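Here's the structure we're looking at; comments come further down.
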Amino acid sequence: MRFGFVREAEGLPPREVQRWHVESASCELVLEEQAPTPQSQRALWKLLSELKPGDELILYSLDVLQLTTGQLLALLRAYFRRGVGMALADGSRLEVLTQGDAPPLIELLADHEARWPSRLPSVRRARRNPLSEYQLDHARDLLRKGWSLRSIGLLFRVTPNELRECLEWTALHPEAEVLADEPRPQA
């Protein structure tokens, strides 16, 4: 079965234009998304990973998927192994991505990476202790003065949860100050 997918997003043509290109490739079913959310992105990833051998996904461009290059490579590898096809529709021309097209595919992926350089993977691993002891002392002082964890996190470019973990981690080690006496403001 031929599936098409169009999405409204920054940097992409309007959905109507994408839909015309995808429908010109004789798609049997066109999925359309107006405003991507994390939930819709997970649902899309689940749907895309469940395509069966012989199915084909037709897109206007790789940007429609809004995946990192690593995620895109994983999806293409899974498709090639299962026998699922992927093609890019450009009006009357249909560019089919196959396993034997490594050089054009690499160029396409490099171009995709150039357009999405600031994209980060969706899962971010917390660092063990991203703050120096001086920064932790300053963070403790700010907490005592009534600053929120969010405000302090913005100052040090860490999330409130990472900041809380850093403060708790230093409390568990013998060389760190004990934080039990400090008030814990709500985030």
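Bear in mind that the values in this text are calculations on the coordinates, not laboratory data. Every value quoted in this text rests on a predicted model; they were computed, and no experiment measured them. All Cβ positions, glycine included, derive from the backbone under ideal geometry; neighbour counts span all protein chains shown.
Considering only C-alpha atoms, what is the centroid distance from the range 128-157 to the range 14-86, in Å? A separation of 42 Å, based on Cα centres. In loop segments of the range 21-100 as defined by DSSP, the GluC sites (Glu not before Pro) with at most 11 further C-beta atoms inside 10 Å of their C-beta are 28, 50. Secondary structure note: in the range 2-115, about 30% of the DSSP beta bridges are antiparallel.
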